[in-house]
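The values are calculated or read from the model by the stated rules, or taken from the named source; none is laboratory data. Because the structure is predicted, anything quoted here is derived from the model rather than measured. A quick note on method: Cβ atoms are made from the backbone with ideal geometry, for glycine too, and the neighbour counts reach across all protein chains shown.
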Amino acid sequence: MQHLIPYEIVNLKAISKDKTYRKPKNGPFGVMFHHFHLKNNQKFGQGSINKNEFEKIIIFLKKNYEILSPQEWLNKLEKKNLKKKDICITFDDALLSQYNIALKILNKYRLKAFWFVYSSVFNGIIDDFEIHRKFRSKYFKNFNEFFKNFLRFINTSPDYKKKNNFKIFYKKMKRYYPVYTDEDIEFRYLRDHVLNEEEYKNIMSKMIIVKKTSKKKLSKNLWLNNYHLKELSKRGHIIGMHAYNHPYKLSELDYETQNNELKRNFNHLKKILKINPVSISYPNGSFNKYTLKIIEKLKLRCGFISNMKSYNSSYKMKFTLRRLDHSNILKNLLGK
Ligand SMILES: [Zn+2]
């Protein structure tokens with residue numbers, strides 16, 4: 001359930017035309033990764049990268065930065081000794097593709113990472129956001145084909161395009177996400193501003209039935225299981241928290257609900273790994289003072305946001321660690 005932000009980067013070719021190419025940013029920060037795919041397995045990426053692209057990113061990072069292990073990162077953080085060159089690698093959302101594809105490259109370069117996992121999927125709960133994402137990329141030739149199908153299920157007249165709200169949204173998206181095609185923008189407008197969550201989910205359910213598949217089938221091989229977590233932990237990676245249900249915005253939940261989300265996640269990891277979790281990345285980067293109070297109580301040692309915003313002194317630095325999305329590194333690579 002994270003379907004508003006971050007808007008996925010859809011078209012890698014378009015990135016290379018993106019004029020906002022910038023020099024490598026100064027650390028310290030974590031590099032944020034989500035989805036990986038096998039070479040010819042996926043015809044359109046939706047922010048997903050393959051093994052080769054991941055390796056290129058790692059080589060670029062090794063050349064320009066010092067990639068710390070999670071343990072080194074924590075030690076330097078606590079000694080207030082993190083340098084501009086210091087970065088770490090992070091994976092969000094407990095995806096099996098991270099283990100099957102990215103881990104091979106990490107092993108090749110003897111690197112360790114933070115893996116931030118939400119626990120509901122370890123208890124057999126199916127997360128719609130991931131299912132819809134997989135459905136879009138697996139059952140349609142490209143994004144436009146998916147979108148054409150999607151439009152057939154909507155009762156809205158195409159008049160929405162003439163309305164001011166749409167025009168404002170369109171302009172904003174073009175400015176902040178120059179890689180998006182018109183269809184990408186229209187889809188996000190309909191999904192996030194025309195339909196409510198239930199209507200959107202209903203349409204997706206109908207489309208899934210038409211393609212003769214199911215949520216259950218789509219959820220196969222999508223997420224890590226407890227065995228993977230134990231293996232990673234044994235091999236020196238750090239498994240961190242990402243709440244229980246992956247709430248869209250933690251900051252909009254009251255103290256009790258947040259406490260429940262975080263404690264259930266904490267207890268799951270503690271039970272499986274026999275150690276207390278020490279780190280978190282906030283789902284969609286969202287947190288507030290309640291979140292910080294709770295993680296302080298849980299004695300966490302660090303917390304990551306999902307962008308490069310600096311909070312200065314308003315919050316403890318160890319709980320507002322910045323992260324750079326991997327797509328920015330691809331920009332650096334393609335911009336050369
Ligand atoms: Zn997430």
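Quick look at the values:
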quantity	calculated
Lys171 vs. criteria outside the structural domain of Pro283 (by TED's automatic domain parsing) and surrounded by fewer than 16 Cβ atoms within 10 Å (Cβ to Cβ)	yes
Search result, residues across segment 99-124 that are within 15 Å of the ligand (Cβ to nearest atom) and within 12 Å of Asn225 (Cα to Cα)	Val117, Tyr118, Ser119, Ser120, Val121, Phe122
Filter result (under 18 Å from Asp92 (Cα atoms) and either surrounded by fewer than 22 Cβ atoms within 10 Å (Cβ to Cβ) or among the charged types (D, E, K, R) (or both)) within segment 286-300	Ser286, Leu300
Glu199, sole failed condition from (1) loosely packed, with under 14 Cβ neighbours inside 10 Å; (2) assigned to a helix (DSSP H, G or I)	(1)
Residue among Asn107, Asn100 that is touching a residue at least 12 places away in the same chain (Cβ under 8 Å), surrounded by fewer than 20 Cβ atoms within 10 Å (Cβ to Cβ) and either in a helix (DSSP H, G or I) or not assigned by TED's automatic domain parsing to the domain that holds Asn260 (or both)	Asn100
Check on Phe116, in contact with a Gly (Cβ under 7 Å, 6 or more places away or on another chain) and surrounded by 18 or more Cβ atoms within 10 Å (Cβ to Cβ)	yes
Hits in segment 314-323 - residues which are more than 15 Å from Pro283 (Cα to Cα) and either assigned to a helix (DSSP H, G or I) or not aromatic (Phe, Trp, Tyr) (or both)	Ser314, Lys316, Met317, Lys318
Options Phe129, Phe91; residue that is in contact (Cβ under 8 Å) with a residue 12 or more places away in the chain, outside any loop (DSSP other than H, G, I, E, B), within 16 Å of the ligand (Cβ to nearest atom) and surrounded by fewer than 20 Cβ atoms within 10 Å (Cβ to Cβ)	Phe129
Test: residue in segment 219-227 that is within 15 Å of the ligand (Cβ to nearest atom) and part of a loop (DSSP other than H, G, I, E, B)	yes
Single match in Gly236, Gly240 (criterion: surrounded by fewer than 21 Cβ atoms within 10 Å (Cβ to Cβ) and either farther than 23 Å from Glu296 by Cβ or of a type outside the set (Asp, Glu) (or both))	Gly236
Given (1) within 30 Å of Ser97 (Cα to Cα); (2) out of contact with any helix residue (DSSP H, G or I) (no Cβ under 9 Å at 6 or more places or on another chain); (3) among the acidic types (Asp, Glu), number of the condition Asp192 does not satisfy	(2)
Selected residue (criterion: farthest from Val121 (Cα to Cα)) from residues of segment 231-272 that are assigned to a helix (DSSP H, G or I), touching a strand residue (DSSP E or B) at 6+ places or on another chain (Cβ under 7 Å) and within 16 Å of the ligand (Cβ to nearest atom)	Leu262
